[in-house]
Every structure is written in structure tokens, then in C-alpha cells.
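Here the structure comes first, spelled out in C-alpha cells, and everything after it is commentary.
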Amino acid sequence: MREGTAPLIQRLDYQQPAFWIRKVDLSFDLDPAKTIVTSKMQVERNRAVPHGPLRLHGEELNLLRALINGAGVSFRQEGHELVIDNPPDEDFALEIRNTICPEKNTALSGLYTSGGSFFTQCEAEGFRRITYFLDRPDVMAVYTVTLRADATKYPVLLSNGNLVDSGTLEEPGNKGRHFAVWHDPFPKPSYLFAVVAGDLVAREQRVRTRAGKDHLLQVYVRRGDLEKTEHAMNSLIASIVWDEARFGLPLDLERFMVVGVSDFNMGAMENKGLNIFNTAALLASPATATDADFARIESIVAHEYFHNWTGNRVTCRDWFQLSLKEGLTVFRDQEFSMDMAGSSSARAVCRIQDVRQLRALQFPEDSGAMAHPVRPDSYSEINNFYTATVYEKGSEVVRMYQTLVGRKGFEAGMKLYFERHDGQAVTCDDFAQAIADANPGSALATRLDTFKRWYSQAGTPRVKAHGEHDAATRTYTLRLTQHTPATPGQPTKLPQVIPVVMGLLDRHGAALALNAAGDTETVLVLDQAEQTFVFENIDAEPVPSLLRGFSAPVVLDDGLSDAALLVLMRHDSDAFNRWEAGQRLALNRILAALRAGQPLVLSNAFIEAMRGVLNHPELDAAFKELALTLPGESYIAEQLDVVDPQAIHAAVMAAQRQLASALRDDWTAAFEANQIAGGYTPDPVSSGKRALANLALSMLVLDAQATGDTVWPGKAYQRFKDASNMTDRLGALAALVNAGAELAQPALERFHALFKDDALVIDKWFALQARAPESDGRVFARAKTLTKHADFTLKNPNRARSLLASLCMFNPAAFHRADAAGYVFWAEQVLAVDAINPQLASRIARAMDRWSVLAEPYRSAAREAVARVAAKPDLSTDVREIVERALA
Ligand code: PHE
Ligand code: ZN
């Protein structure tokens, strides 16, 4: 949307609509330049609200006619609304006919073309770019959709639900055209509507679910991509099985379709029965996709499928409730991925990866200009609130329900939620109430109002722990305090409900009994600013293991010494906390060096601990890889009041070089021990081995750069050439590029030549170069040059992100330059993208969220760049909201 001033929409202003639309008959005469849309709606007045005009949303539409009960009606246009002042009191039929221009729709919201086919994207407010409607999620209608199009160019015609009719059009003027009619029996909000038309092919699979019903599953892609859909189909089948087994939620449609599209703003979309995916989140083959891609595809396919219940059957009353469906569905896909991973250690690896993601993306958001609660209070552009807070922190909130009521209790809560709300558009409060009501007397139900502060307060709570052992009474007293920092618009915060899963270890690492029953793990529920917990029969000073499994999305300061952290790292029964202890050790060193302004020197104790992990005979390769990977630069920045991205980068690089050199022989052994014979499978064990081998290789090439050795760069190049899968190939290429090896350039050229026809792989080629560790400005210079590359375009979101987001959001040392060239580049690109695709532009605009914590000279220069963008008069509301919040 593009407008001078966009109104701020407030959560507390919610009112029911003045009218309901119960049924819609939609027909499309599809043509890229001019598509005719006819919508026949059955409308009724909502008697629960005051009498008023009918106001329909519509954007970029060309209205041809409006009829009520078959007769012309007077109307007026008010901004983006079509107002009919005096509609009948009784139920009536409203017919609208309008045209739209899909081929000019570069915003990719509404009906657009991509690769010669038609696709829709309606969440959140795209349906109003197709036709006039009550485009809000609490208006739910039954849709029947007729599609007419050229039969040769668009042989496949899809919409939601079941195919009820199809054939060729005979009338003159319709020569060569065909039609299809789809009916979706489930009432749905307009954001779940979808149409696809094009020259596509499908992988098909018939399945029979537990209830004995037969279903047809289809994955539609462009001709030529069919062999890359096997993994998506397997993931879909696994998702269906899992949701029935874990939550008793069956597939409710005879036909379930998934479609891939190359131009897409997000990962994927859960349209009822017709999920539409960014091809990056759908297509995989061993030769073109990495292990991480395989895992991501599995979780996104699952995510969209799980929305069928959490989002579609029960939907959101208004967009402030977005986390009702997104937080819950992310939680479900994370649980699914853990269950699929299998072993307890593979589960821990999943959990560590999720937490790493939360810390890298959501924590900075929660302490920056865009900080907002999981259930936001206001927005001017809803698309700006599809955030890590709504999704990932929202998922952590759901996880805390489960921690407080237990797994069975949570399942009972979900059951009650569906019993009460199936077919409705509801709120986060309704969800909370259902979980609490199914678990009366639980730690949740007894403090539900306090718990719900997780929905209303922004900011990451800080928890401090201090333990004291009293030898005389043999007691250990643990004092926990909490404090949530101020965020924009929320100067003071109240205490939250923080479940702290914990245990105590003696100094040899043995688990201690926490109570008379002999439990070695318990959940402390912190719900005050300060609380103490006393443990009896503790003989000597224990080592506390707190927040196991990352039981709450908080920053914990447990004040533990390096010695205590080493005990946890070696012996904690909780794998997450073993990993965390190692990260904490590294972080402490890095922060100490940064605060002192001294070069970083790793301690022997740390290096030996890391050697111990790397050579450990029992630990999984995947865990080793995570443990030996240093904390990310954005997470380190989060720990500092004033951020100097160059100093952080220098410290991390120094730590990496020391680890590379001190463990050289161990890396060599690890590289050799983790080679896989035989064919490629993306299972957790093999992918863990590949990850560790790739880390070892990158360390060995890095070390070789320092010593002048040419053997490892040569080996890396050979491995790059001979690799039989993308994980190994990209890993070897990254090792060369990231170390700045001479062989990087020929390898990059070879890679490009090999994959020039595969857009998703070329995206990796751009991203790898834009994310490489900066040294002397070379990475920034290269990224700027790459914007002129023949394969680069701002029109394709994946391609634009592969270069722009990689550089501006994921490569702080290349982006934040003393000469401000990074910020100038950012401003230019944001404005250029904004003219094409506001949603994409506003994502990239967020690179400046945290400008105010930067050290000088970065801070002033960054602010100036943001102000320059904000001064442009015709910004989209998307970008305007981001830059204005940044300057507020
Ligand atoms: N609802 C989608 C999901 O999370 C994300 C999405 C939002 C896609 C808006 C497109 C537009 O699964
Ligand atoms: Zn979702």
C-alpha cells in the first residue's frame, strides 16, 4: 500500500464487522494484462453492531459494476474503500465486477504472474487487490470459484477445496479456453483464498489416514522440477501422520495440494487445501540442496500443513492475534522436527538450532526500534508484523504452556481449544483460557493473568541467579530475580511467569537429589520480581544447571565461574545446557576482551575443553559441530551496551584462528573420521557428520591461510570439484571463500558455470559471497559489484535477499563501515526495491533497527541514512513505518 499518511490501527479499537458475507461465487477470466473478476456475494447485516454503511476494501482495482439484488446501486469510493450507503436491511445479493492487471503486480500480493503462470497471495490483505470485499479474518465465507483461461498456456487450473466441474469453453470468443469449478465446503476468511493457473505438473500420492479415509496429495511444480519434489511429498506424508498421532488432528480434505512458485515474498502460505510455496522452501535434490535446506523444507511443509487446524479450522479474529496461529504452528513444527529427529541427542540438536535462531533474530528485535509484544498493540502495516517475535517468541510462549501443564496437559488443552472454537475466528485469550481450563489447579491456571503478560509486554526478561550454600544447615538457597528492560512505548514492566527447569550437580558432575522423593530435575516457577528457593540435604556447594532446554525466552545471568561452566559442559544431563556452558565460556572471553579493548586470547582451559568435545568418543558429530561453533556476531552484540561491529568481528576472527591453529591435528582427525561412504540421505546422523567435516575443513583452510600451507586449500578445491552432494560442495566452497583463499575465485566461477540454470543454487552463490567474513572492505566491494551481475535482479525476492539481506543484515562487519558506504548502499537499495515490492523493501529496511546502540562513527552515519530514506515523500506505508519507528 502506498499512501501519504497511513493510519495507526489499534488493537483495542476492534469492532465486529457491520455485515457478514456468508457465501461467495467468484469467477476469473484469466489474462495477464487484464483479468476480469466477478464476485457474487450473499451478504447479511450484523445485528450485533450499530446500523451503518457497507464498506468494502479494495486496492488497485478497476471497478466495472456493482449490483444489489440484480439492480444497479449507488456507491462512492473513499480512499481504499467502496462505500454503499444504504444497502437493504434484509439479506441481499451483491455482485461486483472489476478488472486487475496481474502481470504488473510486482508487489506479489493479490493475483500476479510468475514464470508465465498465475498465483495468488492473499495473507494478510491481498484479497482486496483481487476484488472488493470485507477483507478481514473474522468474515468467513463458503467459496465457489470458476476459473477460465487459455487451455494451452494454462492447462492446470486450481483453487481451494474440491474440483466439481471442468471442461472446454465452446462459445465463440472463448476459443481455445477451458474452465474449472472448485468448491471449498469450509467457511474461510479471505486471506486463505488461493488460485493457481499455469503449465504445471504434479507428483501425486494417495494415502489412507487412520480414520480410513482416502486422500489425494499433489505437489505441483514447473515441468523439470518434478524430481525435486520427493522430499516435500515425504515431508507432507510424515506431517499428516504426526498430527493425527500427536494431537488427534486428521486431514479434513479429500485433496491436498502444494504448489511451488519462484517469486514469493515469504517461505510459504497455508491457503485452505492449496498451500503455495516459495520454491526455495519446497524443491530439493541432493545435488542442489544442502542438509539445512532439506531440514528447512521438512519443517515448512509441516508448518503449512499444521496450519490447516491451527489457523484455518480455528482462525484469528483480527491481525493482532497473528501469534495465535503463527506461534502455535511454529511450536508444532518444532515439535514435529524434534520427533522426526529421533534420538534424544538429535532432539537436543534441533532445540539448540531453534534457540540459536531465536537469539540471532528475535532478541535483537526485542531490544530494537521495532520491539513489540507477541500480540502487538498497534500497526500501520500488518505485513511488518510477520516477525521473529510473533513467530519464534510466540512459539516459546506456547512451549512454556506445555512446560507448566506437562505434555499430556497440553494435549488436553489443545483438545478443548478445538472443541470450543472449531470454525471460529478467535483470540490469544481464548487459547490461553482453553489450556488453563483443561488443567485446573495447574501452575498455569493459578496464575493465568500474570502468564498472559507474555502477550502484552515486549522485551526480553533478564533473569539473575545467585546461589548460597550453608554448610551448617546443609541447605542451598537459590535467589532468582527478574527484570524486563524498557521498550518503545513500554517504559515499565511487570514480573512475568518464567518456568525455570533446573537441576543441581556436585562438583564432580553427579546429579543431586532436589527433594525427599529423589527427583534430580524440577520446574521452578518464577512469577515475582524476586524469589528464593531452598534445597535441603545438600552437602557441599553445588553447580546449578538452570533454564534447561531453554525453558523460557529470557537472558540468564547465573554468574557461574569458568570452573563451574566446565563442570556443566562435561557432565550436565541436559544436552542443551552442556552446549550452553561451552558457548558461555567463549562468550565470556570475547566480552572480556571487547570490554578491555584488548586482543582476544583464548585460555588453555577453554581450548582443552573444546579439544575434549571434538575428540569425545560418544558425542554426536552434530552436537560437536554446534559446540565448536562460536557465538554469532549479532548475539555477541546483544550483550553489549555500545556495539562496535568491527571490534566484534575482529574478536570472533581471532578466536576462530586460535581454535583453528590449536586444534589443527584434531580438526584433521575429525575431518577424516566424518567422511560418509555411500549414497546421500539427509538424516540427522549423516547431516551431523557432514556439518562437522565442513567445519573441520573450514578451520583447516583458515589455518593454512595463516601458515602459508597449500595442502588444505588444494584438498578443499578437490573436494569442491568431486562432491556428490550440495552440502559437501557448498561446504568446500565456503571454506575457500571464507578464508580468502586464492582458489576461491576459480571455484566460484566453476560453481556458477555448473549451476547457471538453477536459480535456487545461484541464490546460494550470491549469498555466500555477500556473507563472507569481511577483510579490508573486499567483501563489501564484491557485493556492490554483484548488484551489476547479469543474474542479479531486485524483482525476484529470493535473489534480492540473497545479496541485500545477506550483506546488510547478516554481515555486520561488511555493512557497518567507517566511511558509511554500507549505509548509502542500503538507502539506495531500499528505495529501489520499494518502488517494486514494498514488503521486500521493508524487510531490508530493518537492517537499521539497532542503529542507536552502535558506536561512533557508525551511529551518526546510520541515523543520517535512515533520516534520508524517511524524508522521501512517496515511500510505501511498509517502509515508512519501519524508518519512522527507527527514528522515534
Ligand atoms: N502465513 C504464512 C506462514 O507462516 C506466512 C505468510 C504470511 C506468507 C504472509 C505470505 C504472506 O505460514
Ligand atoms: Zn505460519
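Quick check: Cα centre of segment 721-780 to Cα centre of segment 843-888, how many Å? Segment 721-780 and segment 843-888 have Cα centres separated by 31 Å. Label 7 Å along Cα→Cβ of residue 864; segment 798-835 residues with amide nitrogen under 18 Å? Answer for this model: 815-829. The simple Förster model, with R0 at 30 Å and r as the Cβ-Cβ distance, assigns residue 234 and residue 162 a FRET efficiency of 0.75.
Our estimate of slack between residue 210 and residue 16, defined as 0.36 nm per intervening residue step minus the Cα-Cα distance, is 66.0 nm.
Rounded to the nearest 500, the helix-only mean residue ellipticity at 222 nm of the chain stands at -12500 deg cm²/dmol, with each DSSP H run of n ≥ 4 adding -39,500 (n - 2.57). Near residue 263, once Lys and Arg are set to +1 and Asp and Glu to -1 for all other residues with Cβ below 11 Å from its Cβ, the sum equals +2. Residues whose amide H falls under 5 Å from that of residue 268, counting only those 5 or more places apart or on a different chain, are 278, with hydrogens built in the peptide plane.
Net charge of the neighbourhood of residue 642, taken over other residues with C-beta under 11 Å away and scored Lys/Arg +1, Asp/Glu -1, is -1. Modelled spin-label separation between residue 795 and residue 74, with each label point placed 7 Å from Cα along the Cα-to-Cβ direction: 4.5 nm. Residues whose amide H falls under 5 Å from that of residue 9, counting only those 5 or more places apart or on a different chain, are 379, 380, with hydrogens built in the peptide plane.
Here the contact order of segment 157-229, divided by its residue count and restricted to Cα pairs under 8 Å and six or more residues apart, works out to 26 percent. Listed by chain and number, the lysines whose C-alpha is less than 25 Å from the C-alpha of residue 689, apart from same-chain residues fewer than 8 away, are 228, 624, 715, 721, 764.
For segment 22-175, averaging the sequence separation of C-alpha pairs within contact (under 8 Å, six or more residues apart) and dividing by the residue count gives a relative contact order of 29 percent. In this structure, the amide hydrogen of residue 288, modeled 1.01 Å from its nitrogen in the peptide plane, lies closer than 5 angstrom to those of 726, counting only residues at least 5 positions away or on a different chain. Taking the centroid of alpha carbons for each part, segment 370-388 and segment 13-78 are 28 Å apart.
Distance from the C-alpha centroid of segment 152-171 to that of segment 114-141: 20 Å, rounded to the whole angstrom. With a cut-off of 12 Å on the backbone N, the residues of segment 551-579 near the modelled label site 7 Å out from residue 464 along Cα-Cβ are 557-559. Taking 29 Å as the limit for the C-alpha separation, the pairs 104/325; 23/408; 40/104; 393/464 exceed it in the case of 104/325; 23/408. Modelled this way, with points 7 Å down the Cα-to-C-beta line, the labels at residue 782 and residue 681 are 3.6 nm from one another. The phi torsions of segment 264-279, fed into the Karplus equation with coefficients 6.51, -1.76 and 1.60 and a -60° offset, translate into couplings of 7, 6, 10, x, 6, 9, 8, 2, 4, x, 9, 5, 10, 10, 4, 4 Hz, rounded to whole numbers, with Gly and Pro shown as x. Contact order, relative form, for segment 392-538: 19 percent (alpha carbon pairs under 8 Å, 6 or more residues apart, mean separation divided by residue count). Couplings 3J(HN,Hα) of segment 795-804, computed from phi: 7, 9, x, 4, 5, 4, 5, 4, 9, 6 Hz, in residue order, whole Hz [Karplus 6.51 cos²θ - 1.76 cosθ + 1.60, θ = phi - 60°; x for Gly and Pro]. Once you sort the root eigenvalues of the Cα gyration tensor of segment 724-799 as a ≥ b ≥ c, which label holds: rounded (a/c under 1.5), prolate (a/b larger than b/c) or oblate (the other case)? Taking the square roots of the gyration eigenvalues as a ≥ b ≥ c, segment 724-799 is oblate. Taking R0 as 41 Å, what's the FRET efficiency between residue 86 and residue 884 from their Cβ-Cβ distance, rounded to 0.05? Working from the Cβ atoms, E equals 0.60.
Placing a label point 7 Å from the Cα of residue 513 along the Cα-to-Cβ line, no residue of segment 458-476 has its backbone N under 12 Å from it. Other residues lying with their Cβ under 9 Å from the Cβ of residue 558 contribute a combined charge of +1, Lys and Arg counting +1, Asp and Glu -1. Rounded to the nearest whole Hz, the Karplus-based 3J(HN,Hα) values (6.51 cos²θ - 1.76 cosθ + 1.60, θ = phi - 60°) of segment 469-476 follow the sequence 9, 10, 5, 5, 9, 6, 10, 10, with x at glycine and proline.
Bear in mind that the values in this text are calculations on the coordinates, not laboratory data. Note that the coordinates shown come from a computational prediction; the quantities given were computed from them, not determined experimentally. Don't worry about glycine lacking a Cβ; one is built from the backbone with ideal geometry, like all the others, and counts go over all protein chains shown.
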